[in-house]
Amino acid sequence: MLCFLRGMAFVPFLLVTWSSAAFIISYVVAVLNGHVNPFLPYISDTGTTPPESGIFGFMINFSAFLGAATMYTRYKIVEKQNETWYFNTPVFNLVSLVLGLVGCIGMGIVANFQELAVPVVHDGGALLAFVCGVVYTLLQSIISYKSCPQWNSLTTCHDYVYHVVSAICEWTVAFGFIFYFLTFIQDFQSVTLKISTEINDDI
């Protein structure tokens, strides 16, 4: 059986594949329509003009949802692991979750407010997404490191030059951020998620 089909491992796998597809599809459509230069445009530029703006917006909104689902599941896994074998302050895990969810909200803002239409809002959302995403990744990496060896192993601009460098950095950070979630697959494989509903008689 494929590793991403065991337990809840499909959640981070779906997040990574869907988000990658969002970037690639909107890039291809933008290039084919002549809306961007094929050589390293900014990600936001590939989702600014119709029809790619619709594709980009829809797919990134769903990526934000998948990101939130992945982060919440990861939070619950770490919480349960920490109950069994204490390795981390619970507040650290909660702060990480909150920052991750704020980053997902930033992704939603980026998806719904195009760069040329509302640049201030778009840039604010991008800042939220990247800053919170980087801090989330850092905190979760610390959590994973602290959970060794019980739960994880250690192996686990206008100037064109600046434009090229910054575009490379943007693509690298974006893909680095989404591919980080592949490291959750092993943790998610042995987990099932159950949702229970209770009705109180006094309401």
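The values are calculated or read from the model by the stated rules, or taken from the named source; none is laboratory data. Please read all numbers here as calculations on a predicted model, not as lab measurements. Note that we place each Cβ from the backbone using ideal geometry, even for glycine, and neighbour counts take in every protein chain shown. Just the protein is used for accessible areas: all its heavy atoms, side chains included, with ligands, DNA and RNA removed. Shrake-Rupley method; radii C 1.70, N 1.55, O 1.52, S 1.80 Å.
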Just checking, does region 174-196 include any residue being modelled with pLDDT under 70 and among the polar types (S, T, N, Q)? no
Taking region 138-168, which residues are modelled with pLDDT under 75, touching a Phe, Trp or Tyr at 6+ places or on another chain (Cβ under 6 Å) and open to solvent by 80 Å² or more (accessible area, probe 1.4 Å)? Q150
Would you point out the residue of region 4-35, among those that are over 18 Å from I178 (Cα atoms) and outside any loop (DSSP other than H, G, I, E, B), that is least open to solvent (accessible area, probe 1.4 Å)? A30
Does any residue of region 122-137 turn out to be β-branched (V, I, T), modelled with pLDDT under 95 and not in a helix (DSSP H, G or I)? no
State all residues of region 78-108 that are buried (at least 20 other Cβ atoms within 10 Å of the Cβ) and aliphatic (A, V, I, L, M); if no residue qualifies, say none. V78, L97, L99, M107
Sole residue being at pLDDT 80 or above, in contact with a Gly (Cβ under 9 Å, 6 or more places away or on another chain) and of a type outside the set (D, E, K, R), chosen from A111, A117: A111
